[in-house]
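J.: Below is the structure I would like to discuss, written out as C-alpha cells.
The values are calculated or read from the model by the stated rules, or taken from the named source; none is laboratory data. As the structure is a prediction and not an experimental result, all values here were calculated from the model. Note that we place each Cβ from the backbone using ideal geometry, even for glycine, and neighbour counts take in every protein chain shown. Keep in mind that these areas ignore ligands, DNA and RNA; they rest on the heavy atoms of the full protein, side chains included. Shrake-Rupley method; radii C 1.70, N 1.55, O 1.52, S 1.80 Å.
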Amino acid sequence: MTTLTILIVAAFVIGYLCIALESVTKVNKAAIALLMCVVCWTLLMVNPGAYYPEFSSDDVIHHIAEVIEHHLGDAAGTLFFLMGAMTIVEIVDSNGGFNFVRDAMKTRSKRKLMWRVAFMTFFLSAILDNLTTSIVMIMVLRKLVQFREERLLYAALIIIAANSGGAFSPIGDVTTIMLWIKGVITTQGVITEIFIPSLVSMVIPAFIISLQLKGKFDKEQNLPKSTASQFTKVQRSIIFWLGVGGLIFVPIFKTLTHLPPFMGILLVLGILWTTTEIFHYNTDEDDTMAKRVSDIMSKIDLSTIMFFLGILMAVAVLQEIGVLTAMGEGLNEAFSGNYYVINGIIGVLSSIVDNVPLVAGCMGMYPVAAEGPMAVDGIFWQLLAYCAGVGGSMLIIGSAAGVVVMGLEKITFGWYLKKITWIAFVGYLCGILIYWIERTLFF
C-alpha cells in the first residue's frame, strides 16, 4: 500500500469517526461527509497516474473527470429517489392522509397496542421507508401513550420493527434501495426470501418486550383526538392511496418500462402534486398555502441528502484506488468464503457506524457474478440486505430510524444498550438462522 493510499484511507477513517461521534463533536455529519469526499478526491489528484498507469499524464485528468461523473450519476439516482419519496410522504402526512394509522391504534390494552404498533410499523416501513415510518409512528404514539416511561418501550419497538420491515422491501430502506438500484437484488427475490427472516427478527423482540407490559391504560387516556383538516375524508383517502399506492407501483413501473426507479418516483410525485393542487383550488389560500407542495418541499431534510452524497462519493474513491477489493479478498480469506459469517459481521458493524457507507463499500468490494452466491439475488446480496438493515437495531445510533427516535423521545444511548440491545441481537440471529433454513431446505 502506497503512502498516498494510506493518506486517502486515513482521511476516510478520520471522517468516518467524526460522523460516528456526531453527538460528541456537535458537527453535522453531512458537513463532515462532504469534506471527507472532497479531501479524498483531492488527495487522489496528487498523483493520479499511480492508480491509472495505462493513461498518459494528459489523458488521466480527463479519465478521472469521467469517473467522477459516472459515480455521481449512480449517486444521483439514489438521491433523487429519496428526495421524491420523502416529498410524497410529507404531502400525505401534511394533508391528513395518515389519520387512519392513528385511528387503527384504538385500544386500552398495553400488549394489544404494542402488537398493533409493531405490525403497523413493520408493514408501513416496507412501503414508505424506515425513517419516515418511525417519525409517523412516534407522532401517533404520543397521542396514544401519555406516560414517557411506558412510551420508551413502544419507541424502541418502533425502531426494531421499522428496520426489520425495511429490510425485505426494495424501497423500505436506503441500503435496500441502493442494492435494488444497483441491480444485485430483485423485487420478487428479496420479498420472497427475506420476508420471513425479517418478520422473525421483529416478532421475537416484540414478544420479549410484551412480557414487560401488563394491564391497561387509564380510561380514555390513549384514545385519539380528532384534528382539523382542510380536506374531506374522501380527499384524504385519495391522497393516501395515490401516495402510498404510487410508492408500491414504483417497482412495477421499473419492471414494465426498464427506466431507473427515480423516474417512477417522479411520476408518482407529479400525479400527487397535481391532485393536491386541484383539491386546493377551491379552498382558502391563506389557510392552505402551508400545505401546498411547493411549500412542503422546503421541509425536506436536505442535510440527509447531502450526507448520502458525501458518503457515496467518498466510498467511490476507495473503490477506485482498489482498497475495497482488497478488503473483500481479505474477508473471504479470513472466513473461507462463509457469507453468513461475513454478512453477520457487517450487520454488527452497521449498528456501530452508518450502514449506508458499509453497503456502498460492499457493493464496491464484491463483483456481481453470473451464478453462485454473488449472482443477482444470490445468498451474499440478500443476506447483506437483511443484515445491514436489521443489524442497525442493536444500537440506537445504528440506523436512521434509531437516530430520529432518539432525538424525538430523548432516549439515552445507555438506556437502549441496557434494555434493548440484547433483545434486538436475539431477533437478528434468529432471522439469520431462518434464512439459512430457507436456503438449505427450500431454495
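J.: Just to confirm the filter: which GluC sites (Glu not before Pro) across region 1-106 are DSSP coil and have at most 10 other Cβ within 10 angstrom of their Cβ?
T.: When the GluC sites (Glu not before Pro) of region 1-106 are filtered for loop state and at most 10 Cβ neighbours within 10 Å, 54 remain.
J.: From the Cα gyration tensor of the chain, with a ≥ b ≥ c the square roots of its eigenvalues, which class applies: rounded if a/c is under 1.5, or else prolate if a/b is larger than b/c, or else oblate?
T.: prolate
J.: Here is a further query. Can you send over the carbon and sulfur percentage of the accessible area for the chain, probe radius 1.4 Å, protein chains only?
T.: With neighbouring chains kept in place, the figure for the chain is 67 percent.
J.: Apply the Karplus parameterisation 6.51 cos²θ - 1.76 cosθ + 1.60, with θ equal to phi minus 60°, to every residue of region 136-151 and state each ³J(HN,Hα) to the nearest whole Hz, in sequence, with x for glycine and proline.
T.: My calculation for region 136-151 gives 4, 5, 5, 5, 5, 4, 4, 7, 9, 10, 7, 8, 5, 4, 6, 5 Hz in order.
J.: Kindly report the accessible area of region 1-123 per residue (heavy atoms of protein chains, probe 1.4 Å, no ligands, DNA or RNA), in Å².
T.: In whole numbers, region 1-123 has 50 Å² accessible per residue.
J.: Determine which residues of region 83-98 fall in the zone a paramagnetic label at residue 303 would reach in this model, i.e. backbone nitrogen under 20 Å from the point 7 Å along Cα→Cβ.
T.: In region 83-98, the label zone of residue 303 (backbone N under 20 Å from the point 7 Å along Cα→Cβ) covers 83-84, 86-87, 90.
J.: Suppose every K and R has +1 on its Cβ and every D and E has -1 on its Cβ; what is the size of the dipole of the chain about the Cα centre, in Debye to the nearest 20?
T.: In total the dipole reaches around 2540 debye.
J.: Just flag the trypsin sites (Lys or Arg not before Pro) in region 366-428 sitting in loop per DSSP whose Cβ has no more than 11 other Cβ atoms within 10 Å.
T.: 410
J.: Between residue 368 and residue 35, how many nm apart are label points set 7 Å from Cα along the C-beta direction?
T.: 3.6 nm
J.: Out of region 76-170, which chymotrypsin sites (Phe, Trp or Tyr not before Pro) are coil in DSSP terms and have no more than 16 other C-beta atoms within 10 Å?
T.: Listed in order of number, the matching sites are 147.
J.: Of the candidates 177, 88, 64, which one comes out as most mobile in a Gaussian network treatment of the chain with C-alpha springs shorter than 10 Å?
T.: 64
J.: Cross-link list 106/233; 214/419; 110/233; 112/233: which exceed 21 angstrom alpha carbon to alpha carbon?
T.: Over 21 Å Cα-Cα: 110/233; 112/233.
J.: Given springs between every Cα pair under 10 Å in a Gaussian network model of the chain, which of 71, 62, 280 has the largest fluctuation?
T.: 62
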